[in-house]
1. Restricting the first residue to the range 245-259 and requiring it to be modelled with pLDDT under 75, which pairs with a second residue that is not hydroxyl-bearing (Ser, Thr, Tyr) meet a Cβ separation below 7 Å and a spacing of at least six or different chains?
2. Considering every residue within the range 64-87, establish whether at least one is touching a Phe, Trp or Tyr at 6+ places or on another chain (Cβ under 8 Å), at pLDDT 80 or above, of a type in the set (Lys, Arg) and open to solvent by 70 Å² or more (accessible area, probe 1.4 Å).
3. Considering every residue within the range 262-280, establish whether at least one is assigned to a helix (DSSP H, G or I), in contact (Cβ under 8 Å) with a residue 12 or more places away in the chain, open to solvent by 90 Å² or more (accessible area, probe 1.4 Å) and of a type outside the set (S, T, N, Q).
4. Only one residue in Ser239, Ser211, Ser255, Ser231 is under 36 Å from the mean Cα position of the chain (by Cα) and assigned to a loop (DSSP other than H, G, I, E, B), so which one is that?
5. Could you list, in sequence order, all residues of the range 325-380 that are in contact with a Phe, Trp or Tyr (Cβ under 7 Å, 6 or more places away or on another chain), under 21 Å from Phe399 (Cα atoms) and either open to solvent by 40 Å² or more (accessible area, probe 1.4 Å) or at pLDDT below 85 (or both)?
6. Go through (1) of a type in the set (Ser, Thr, Tyr); (2) exposed (fewer than 14 other Cβ atoms within 10 Å of the Cβ); (3) in contact (Cβ under 8 Å) with a residue 24 or more places away in the chain one by one and return the number of the condition Ser231 breaks.
7. Look through Leu452, Leu434 and report the one residue that is modelled with pLDDT of 90 or more and open to solvent by less than 40 Å² (accessible area, probe 1.4 Å).
Amino acid sequence: VKVLKDKECPAMIIPSTPLARRCFPAIRAKKGVIMVGNETTYDDGHGHRRNVTELLEGAKKANVVLETRQLAMKIFEDYTVSWYWIIIGLVIAMVASFIFIVLLRFLAGIMVWVMIVMVILVLGYGIFHCYMEYAKLKGEAGSDVSLKDLGFQTDLRVYLHLRQTWLAFMIILCIVEVVIILLLIFLRKRILIAIALIKEASRAVGHIMMSLLFPLCTFFLLCLCITYWASTAVFLSTSNEAVYKVFNETACQFSGQTCQPETFNTSNVTKLCPDAQCLFAFYGGETAYHKYLIVLQFFNVFMFFWLANFVIALGQVTLAGAFASYYWAFKKPDDMPAFPLFSAFGRALRYHTGSLAFGSLILAIVQVIRVTLEYLDHRLKAADNRFAKFLLSCLKCCFWCLEKFIKFLNRNAYIMIAVYGTNFCTSARNAFFLLMRNIIRVAVLDKVTDFLFFLGKLLIVGSVGILAFFFFTQRIKLVQDTAPPLNYYWVPILTVIVGSYLIAHGFFSVYGMCVDTLFLCFLEDLERNDGSAEKPYFMSPNLKKLLKKTNKGQPDA
């Protein structure tokens, strides 16, 4: 009785099987009868016999664990037989990303203008289709009813039978078409400049090939940050101690007090309260350290954001320094330093760590506030306070916009830091006002590069994903026997698709940083230089020709 009271042995003993180092009832079906061991009933430990079916509810939940384990084993088997094919797929994605960046030097203008023409043609067809539908409904019963008289209808198809609906669509599309054509007329030169900068960025990446591998360094440092944060969080979470309390069924003066199981049976508590037990209550502690443990976790999250943003900033200022050395070389690439990427990395670590840390700190503070707001929103989901929810939603929206703006400002500030070596505040102010003075060029370049990057990612991920699908489903007859047998063919396919996207994103992030750096350098070049012998232009001959600029008394680089 004492052994059972101290809970050193279970009160209910039934035939069991091992499951994840735990004892699980050996339930089985024999001729349609549910049994545990060889019996249909079991002793519940209180002298009563119960039916085995009462154990099934617990068995169902355990079966989920078993099925999950089997699924994980099958997925692991698929990886063991297909890992080298997955690597080949990722290598193909890497080569395709590199080829796309190289081809942008020749095809950027063609792709942009073809897409613009296609948008105009699609809008033109939309106008024609709306007019045909408008003309077809002429004379039909009920088609002349106005939208105001019809009112709101849940079935939206009703509106398609009205002439006024198609007339409104046609007017809207005509306005959009006219606006796009007018924008093209007035912004054609800026679009040509954006295309020329994208082509120039492709040349810069070609001269600094190591820049395409630099995201691996950033990824490695980010992994170290994540490992540090996760290990610290785990150590803090597991630093709690098991707290035991006195529990009893009758009145006892020691009820709820802390106790130690090792010495409880020899203490005065058992003498004064015979039915009292020293049982586990919770994990925690009553020291000052345990009381402020949540503050330490919060500080750990803040440090993670700070370190992660610092690593990203270090990568951005390194790439900006390397590509700026390409732009400001008068004779490209002869005047470039021997190792531009390593030189920029050394300058960033030696001279700019304070500026990077300050910019990262500002961004980390905003991100921590956003995380806090998300936590508060999660806690208030059960509450029925609409004003609090509205206020939280507004704050979340404002801080989301603030984070986007700070990321944009930091990125351009880091470029100015890499070019001029000024501190963060001065660089951020100069970059912001420089961009504001050229806001239309910024908007055009941003949209053109976004379109090309979207097209590149879609092309690379889509082509590699389709190739992986046909290969792993054994639909390519030439290599049908080469494809490995799989439990789930979607496992390597999804892995290849996700990996291809990450590789393409890494390549295009370098390319995007190159475009932004050359763009800021180009704007600085236009404002600071005039083409004279003392202040020659450093831009490429194509940009000079496009802007009708020349260096007086000096041959173009």
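1. From residues that are modelled with pLDDT under 75, the pairs are Glu249/Asp275; Thr250/Asp275.
2. yes
3. yes
4. After ruling out the rest, the residue left standing is Ser239.
5. Once the filter is applied, which keeps residues that are in contact with a Phe, Trp or Tyr (Cβ under 7 Å, 6 or more places away or on another chain), under 21 Å from Phe399 (Cα atoms) and either open to solvent by 40 Å² or more (accessible area, probe 1.4 Å) or at pLDDT below 85 (or both), the range 325-380 yields Phe358, Leu361, Ile369, Arg370.
6. Result: Ser231 fails condition (3) only.
7. Being modelled with pLDDT of 90 or more and open to solvent by less than 40 Å² (accessible area, probe 1.4 Å) holds for just one of Leu452, Leu434, which is Leu434.
Table: residues versus (1) open to solvent by 30 Å² or more (accessible area, probe 1.4 Å); (2) outside any loop (DSSP other than H, G, I, E, B); (3) among the hydroxyl-bearing types (Ser, Thr, Tyr); (4) modelled with pLDDT of 90 or more.
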| position | (1), (2), (3), (4) |
| --- | --- |
| Leu402 | yes, yes, no, yes |
| Ile415 | no, yes, no, yes |
| Arg441 | yes, yes, no, no |
| Leu459 | yes, yes, no, no |
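The values are calculated or read from the model by the stated rules, or taken from the named source; none is laboratory data. None of the values given here were measured: they were computed from a predicted structure. Because the Cβ atoms are built from the backbone with ideal geometry, glycine has one as well, and the counts that use them run over all protein chains shown. Accessible surface is based on the protein model in full, side chains and every heavy atom, while ligands, DNA and RNA are left aside. Shrake-Rupley method; radii C 1.70, N 1.55, O 1.52, S 1.80 Å.
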